[in-house]
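The structure appears right after this line, and notes come after that.
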Amino acid sequence: MALKVETLSLGGVLHVTPSRFGDVRGYFSETYNRAAFAAAGIDRAFIQDNQSLSRDRGVVRGMHFQIPPFAQAKLVRVLRGSVYDVAVDIRRNSPTYGQSVAVTLTAELGNQLFIPDGFAHGFCTLEPDTEVLYKVDAPYSRDHERGLLWNDPALGVRWPIEDAEAVVIERDRGHPRLAGLPEFF
């Protein structure tokens with residue numbers, strides 16, 4: 001398996017693009033191979049796949065994370081459509097605490113984003129009927145689920161939509177800002 005791996009500005013967040021082999025029928029791509037990903041620095045035992053469908057452009061999901069002992073690393077990719085995918089470092093003693101990084105993930109490119117535990121994660125759909133698949137290395141735990149306010153100016157995220165256009169559920173609108181986030185990591 002051939003992988004193109006780009007280390008982003010936040011330690012541990014990686015932009016990964018698996019090779020695609022095309023012909024007149026379309027393409028073939030090995031989207032995940034544990035040994036190849038481990039060799040690229042992503043040595044996690046993923047235990048669960050999650051999939052979401054967002055009907056509209058401008059749906060914002062996030063910024064979500066789980067706290068220990070159920071903290072999750074994620075490997076995110078788009079099956080249909082595209083997203084503006086964001087990770088925020090919430091590791092209190094990290095030199096990049098509070099900083100964000102964003103990558104556009106598309107079904108057409110087949111690129112992926114690896115987000116280690118200790119980061120809040122969210123995305124905004126760029127097209128209607130966008131499907132996202134992500135692998136996680138710890139089970140879901142409602143008691144350990146937390147969030148960070150998606151549009152907190154302190155994060156420096158340049159979302160591709162205006163706040164008024166965003167389709168955000170009430171729960172995600174109620175997450176704390178970075179300044180009010182307890183020390184979880």
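Annotation for Asn93 and Met1: the two label points, set 7 Å from Cα along the Cα-Cβ direction, are 3.3 nm apart.
The packing ranking of peptides 69-76, 37-44, 3-10, highest mean first, is 69-76, 37-44, 3-10, where packing means the average number of other beta carbon atoms within 10 angstrom of each residue. Between Val78, Val24, Val101, the Gaussian network model of the chain with springs among Cα atoms under 10 angstrom shows the greatest mean-square fluctuation at Val24. Indicate the gyration tensor shape class of region 41-91 (rounded, prolate or oblate), computed on the Cα atoms with a ≥ b ≥ c the square roots of the eigenvalues: a/c under 1.5 is rounded; otherwise a/b larger than b/c is prolate and the rest oblate. Cα axes put region 41-91 in the prolate bin. Subtracting the Cα-Cα distance of Asn33 and Gln51 from 0.36 nm times their residue separation leaves 4.6 nm of extension gain. Pairs of alpha carbons in the chain separated by more than 28 Å make up 21% of all such pairs.
In the chain, helices alone account for a calculated mean residue ellipticity at 222 nm of -1000 deg cm²/dmol, with every DSSP H run of four or more residues adding -39,500 (n - 2.57). When all alpha-carbon pairs of region 101-185 are counted, what percent fall beyond 18 Å? Here the tail beyond 18 Å accounts for 53 percent of pairs.
Bear in mind these aren't lab numbers, they're just calculated from the coordinates by the rules spelled out. Worth saying up front: this structure is predicted, and the values here are computed from it rather than measured. Cβ: placed from backbone, ideal geometry, glycine included. Neighbour counts: every protein chain shown.
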